[in-house]
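Working notes for the structure below.
Quick note: the coordinates plus some simple rules give every number you see, no bench work behind them. Bear in mind that the values here come from a model prediction, so they are computed numbers and not experimental data. Glycine gets a Cβ as well: all are built from the backbone with ideal geometry, and neighbour counts include every protein chain shown.
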There are 2 protein chains.
Amino acid sequence: MTHSFDAALAELRDLLADGAVLVDPDVTERYRQDWAKDPNAGTPIAVVRARTTADVQSVMKWAGTHGVSVVPRGAGSGLSGGATAVDGGIVLTTELMRDITVDPVTRIAVVQPGLLNAEVKKAAAEHGLWYPPDPSSFEMCSIGGNAATNAGGLCCVKYGVTTDYVLGLEVVLADGTAVRLGGPRLKDVAGLSLTKLFIGSEGTLGIITEITVRLIPAQPPASTVVASFSSVRDATTAILAITRSLRPAMLEFMDRASIGAVEDAMNMGLDRDAHAMLIARSDSPGADRDREIEIMASACTAAGASDVFTTDDPEEGEAFAAARRFAIPAVERLGSLLLEDVGVPLPALPDLVEGIERISEKYDVLVAVIAHAGDGNTHPLIVFDPSDADMERRANLAFGAIMDLAISLGGTITGEHGVGRLKKAWLPDQVGEDVMKLTQRIKTALDPDGILNPGAVL
Amino acid sequence: MTHSFDAALAELRDLLADGAVLVDPDVTERYRQDWAKDPNAGTPIAVVRARTTADVQSVMKWAGTHGVSVVPRGAGSGLSGGATAVDGGIVLTTELMRDITVDPVTRIAVVQPGLLNAEVKKAAAEHGLWYPPDPSSFEMCSIGGNAATNAGGLCCVKYGVTTDYVLGLEVVLADGTAVRLGGPRLKDVAGLSLTKLFIGSEGTLGIITEITVRLIPAQPPASTVVASFSSVRDATTAILAITRSLRPAMLEFMDRASIGAVEDAMNMGLDRDAHAMLIARSDSPGADRDREIEIMASACTAAGASDVFTTDDPEEGEAFAAARRFAIPAVERLGSLLLEDVGVPLPALPDLVEGIERISEKYDVLVAVIAHAGDGNTHPLIVFDPSDADMERRANLAFGAIMDLAISLGGTITGEHGVGRLKKAWLPDQVGEDVMKLTQRIKTALDPDGILNPGAVL
């Protein structure tokens, strides 16, 4: 940098509205990390709150001129360190960009990135419509972050993930150019699939400033099956039996440690003695819902469930889903967490879960496992005491061992959270050097100076 | 090229199995054009039939060394000239790469590109599973071509398009490197969304040599509504009423000219006096199917349908779907065709269809319109007599005018067929210069010498 930070920041202030550039250390401290709490987070020279696409363009042009790196940030609820601040860079937050327009005839919403997922759902619901993707953090994660990470959730086993609902994007490129990709057309194959390329690119290729999402008619009421198992293997047997015969609207797994942690926090009468619990849903219409619930309940019983409970009361069913969603904060009460997001082809799910148990024993750390079981996507939560250096070391070894295990089973290091900074060392092991080179070619073509979210993914 | 064609081809023959390199003009003539019958098709120096991924790698390395361009080709059923041969290049056909493995527990199929879409469906059905995307040409189009164009079809209004079902790809890059992208994981966000980038890239970024597709449980039986209208506007009113309230499993439109052409060919008793016909389906389970059929039938009646017929006999319903699928060959009996694939946001559908009528009158050419109406994706078929030079000129003017109209309505020049060579002049008008530059940057990064399908899309 040829200018001092101060001179450069003065230029930036002139480009933006008053109060957009924050440098107070007490403020910037809050933007250094996302929920992954990356211990290697840097200290940004400023946090910039964009209000418009033009703001984002100004920031990128300024950043290019001054060689300042830009870490884009939505709500900061990411779990992989994708929004970890870097020394000497800025954090560009889109949290104030919160407009939404719902068009119920075209069945789309045009949304700015700072709106929360739950707010998108609510705006759609006002028109009898539904935006399905539902990360567990849906009440606190932003739609922009969802798009940048291709976020998943609980209903995705039947309804698909974020990329399946994004029809169009506005993206600001590294050089400050704003491009519109796709749009409110349900089918559009004109040119390369650039919309899809930016979804899940974790801020490394551009900054998403507007999202056009597809909406569908409101979800029908759902019925719920809750089954307890005395062994994890029995639960995984039930999972495979269910996914082979139908498409559940939800199929979630909790192991003993996560059941206990949730019960400690919520006191709702979960079976602490169970080694595994499944929460499955059907939202099929009419009598078919009962048929699917019966098939799923029977599959659990046949697999050896110790208790099977069904309800067609949506509120009662939602209480179990809420318990599952609360698992991460509940387990976090036990200590610091390293959050995994490994996924495998469905038939390998039992081997993955059993392998995680062995890793937990080997490294002598608690690993609570929750999973979007119907997708083969698990969240092992490694618990450690940060004041115990040896335990922290063992936790980190377990963190790597679980990703190694997933890769060895033909799986992925991340099903829905993204690579961010915490998992990038394992990405080459999963995808191979040729794919890494291909990735780098695209990164270099779009961000030749490497100012967009440096250190994430690549 | 520093070598003569003959010497270079001799080298190529040495790399591949006997009979893989075809130079007989009677044979190569059949590979000069796809179904778009591009009048500007070149003459290839050879047609190469790959049998393995290694063959494709050998061809690309050879092509790079000799600076020979490569036009990839599936079944040759493309409608945009994406597989038009170029002078001095080769056509690389994957028609002999036809292996498939279905894994019913993981619910995927691993398919080579030459297998036909119908054959993928059949292999899945043997396990009680379903591969939904269903281009009208499903009995003659290849799954590789489907992936390369991100093909759509009739059930896509409810079930999505090709990209929604592709979990992984093997792709041979311009330099002959074979990369594996994605795989049999239902959720996987590790690294950039490269699988999605290659889907719909029309052979300009790489050659798809293997596809991992997601399968879902077999489609439930469907009921069908067929409605006739005395005006196109009434039919489009019904379309919007239907899509606002539910997700039909099919919602197809035929205008008077296409009804007449199909009736001429199939003699099945369609109402030749109708100005528009809708074919709608519900495959909801149980009593909900009757409810959806009733809603759709009522929407047609309320919009002024002159006749509304419903059936829960799958074979009877399929006869109407087959009639719709046969529309392109039926209209082709009236003359040579220029095939459009324009799409618009749903509320603009009436304006698009009425605008096409005006263009037909202005240029004095017959334009038969069929549409995947629930997606806003239409196929105006411009009919001309190739021996009438003035009519051919007017047909070409109408071809451009219809794309101009779609763009002016916020639409796309291609919903599912691809840009190919015939529509590329209009792509910049739709996406703008900045997106064209972005596209070129990616193309250059992946195919710096421009040997992959030159002249297509870009």
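Which angle from 0 to 90°, rounded to the nearest 10, does the C-alpha axis of helix A:433-446 make with the longest principal axis of chain A?
Compared with the principal axis, the helix lies near 40 degrees.
For the protein assembly as shown, with equal point scatterers placed on the C-alpha atoms only and solvent neglected, what are the log10 I(q)/I(0) values from the Debye formula at q = 0.07, 0.10, 0.11 1/Å, to two decimals?
-0.57, -1.17, -1.39
Give the order of B:His275, B:His417 when sorted by the count of other beta carbons within 10 angstrom, beginning with the fewest.
Listing B:His275, B:His417 from fewest to most nearby Cβ atoms yields B:His275, B:His417.
Take the residue pairs A:Lys158/B:Lys196; A:Lys158/B:Lys121; A:Lys158/A:Lys196; B:Lys37/B:Lys121; A:Lys158/A:Lys423; A:Lys437/B:Lys196 and return only those whose Cα atoms are more than 22 Å apart.
Beyond 22 Å between Cα atoms: B:Lys37/B:Lys121; A:Lys158/A:Lys423.
Angle between the Cα long axis of helix A:256-266 and the longest principal axis of chain A, 0 to 90 degrees, nearest 10?
Taking Cα atoms only, the helix is inclined about 70 degrees.
Per-residue mean of other chain beta-carbon atoms within 10 angstrom of the beta-carbon, peptide A:258-271?
For this peptide, the per-residue mean of nearby foreign Cβ atoms is 0.
Which of A:Phe309, A:Phe384 comes first, and how do the rest follow, when ranked by fewest Cβ neighbours within 10 Å?
Going from sparsest to densest Cβ surroundings: A:Phe309, A:Phe384.
If you look at just the Cα atoms of region A:1-159, how large are its Rg and its Dmax in Å?
Looking at region A:1-159, its Cα Rg and Dmax stand at 17.0, 55 Å.
Putting +1 on Lys and Arg Cβ atoms and -1 on Asp and Glu Cβ atoms, find which of A:Thr195, A:Tyr159, A:Val110 reaches farthest to the positive end of the dipole of region A:100-217.
My answer, from the dipole projection, is A:Tyr159.
Report for region A:1-93 the percent antiparallel among DSSP-assigned beta bridges with both residues inside it, nearest 5.
20 percent
What nm distances, shortest first, do you get from the label point of A:Glu11 to those in the other copies when the point sits 7 angstrom along Cα to Cβ?
Computed spacing set for this position: 5.0 nm.
To the nearest 20 debye, what is the magnitude of the charge dipole of region A:214-337 about its Cα centre, counting +1 on the Cβ of each Lys and Arg and -1 on the Cβ of each Asp and Glu?
Dipole size: approximately 520 debye.
Are there any GluC sites (Glu not before Pro) in region B:331-379 that are in a DSSP loop and have at most 10 other Cβ atoms within 10 Å? List them by number.
For GluC sites (Glu not before Pro) across region B:331-379 that sit outside H, G, I, E and B with at most 10 neighbouring Cβ atoms in 10 Å, the list is empty.
For peptide B:423-432, compute the average count of partner chain beta-carbon atoms within 10 Å of each residue's beta-carbon.
If you average over the peptide's residues, the count of other-chain Cβ atoms is 2.
Distances from B:Ala118 to the same residue in each other copy, label points 7 Å out along Cα→Cβ, in nm, shortest first?
In nanometres, ordered from closest: 5.2.
Sort out for me the Cα centre separation of region B:13-40 from region B:331-404, rounded to whole Å.
31 Å
Mind checking region A:137-233 for chymotrypsin sites (Phe, Trp or Tyr not before Pro) that DSSP puts in a loop (not H, G, I, E or B) and that have at most 15 other Cβ atoms within 10 Å?
Here no loop site has a sparse enough neighbourhood.
Give me a single rounded figure for A:442-449: the average over its residues of other chain Cβ atoms within 10 Å of their Cβ.
3
Angle between the Cα long axis of helix B:349-363 and the longest principal axis of chain B, 0 to 90 degrees, nearest 10?
So the inclination is approximately 80 degrees.
Any idea what the A:Asn396 label distances to the other copies are, label 7 Å down the Cα→Cβ vector, nm, shortest first?
6.8
Quick one: work out the % antiparallel among DSSP beta bridges in chain B, nearest 5.
That works out to approximately 85 percent antiparallel.
Rounded to whole Å, give me the distance from the Cα center of region B:412-440 to that of region A:186-215.
What the calculation gives is 16 Å, centre to centre.
Which residue, chosen from A:Gly78, B:Val344, A:Ser360, occupies the Cα position most advanced towards the positive end of the dipole of the protein assembly as shown, where the dipole is computed from +1 (Lys, Arg) and -1 (Asp, Glu) charges on Cβ about the Cα centre?
Among A:Gly78, B:Val344, A:Ser360, the one farthest towards the positive end of the dipole of the protein assembly as shown is A:Gly78.
Check each of the trypsin sites (Lys or Arg not before Pro) in region B:62-160 and keep only those in coil by DSSP with at most 11 other C-beta atoms within 10 angstrom; list them in order.
In loop regions of region B:62-160 (DSSP not H, G, I, E or B), there are no sparsely surrounded trypsin sites (Lys or Arg not before Pro).
Cα centroid distance between region B:296-320 and region B:105-138, in Å?
Cα centroid of region B:296-320 versus Cα centroid of region B:105-138: 29 Å apart.
Size of the dipole of region B:284-424 about the Cα centre, Lys and Arg at +1 and Asp and Glu at -1 on the beta carbon, nothing else charged, in debye to 20?
Taking the Cα centre of region B:284-424 as origin, the dipole is about 680 debye.
Once Lys and Arg get +1 and Asp and Glu get -1 on their Cβ, which of A:Gly335, B:Ser228, B:Thr149 lies farthest toward the positive end of the dipole of the protein assembly as shown?
Of A:Gly335, B:Ser228, B:Thr149, it is B:Thr149.
What is the order of A:Phe399, A:Phe253, fewest Cβ neighbours within 10 Å to most?
With the fewest neighbours first, A:Phe399, A:Phe253 line up as A:Phe399, A:Phe253.
Treat every Asp and Glu Cβ in chain B as -1 and every Lys and Arg Cβ as +1, leave all other atoms uncharged, and give the resulting dipole magnitude about the Cα centre to the nearest 20 debye.
In total the dipole reaches around 1160 debye.
Please give the peptides A:148-156, B:300-308 ranked by average Cβ packing (other Cβ atoms within 10 Å per residue), highest first, as a rough proxy for protection.
Descending packing order for the listed peptides: A:148-156, B:300-308.
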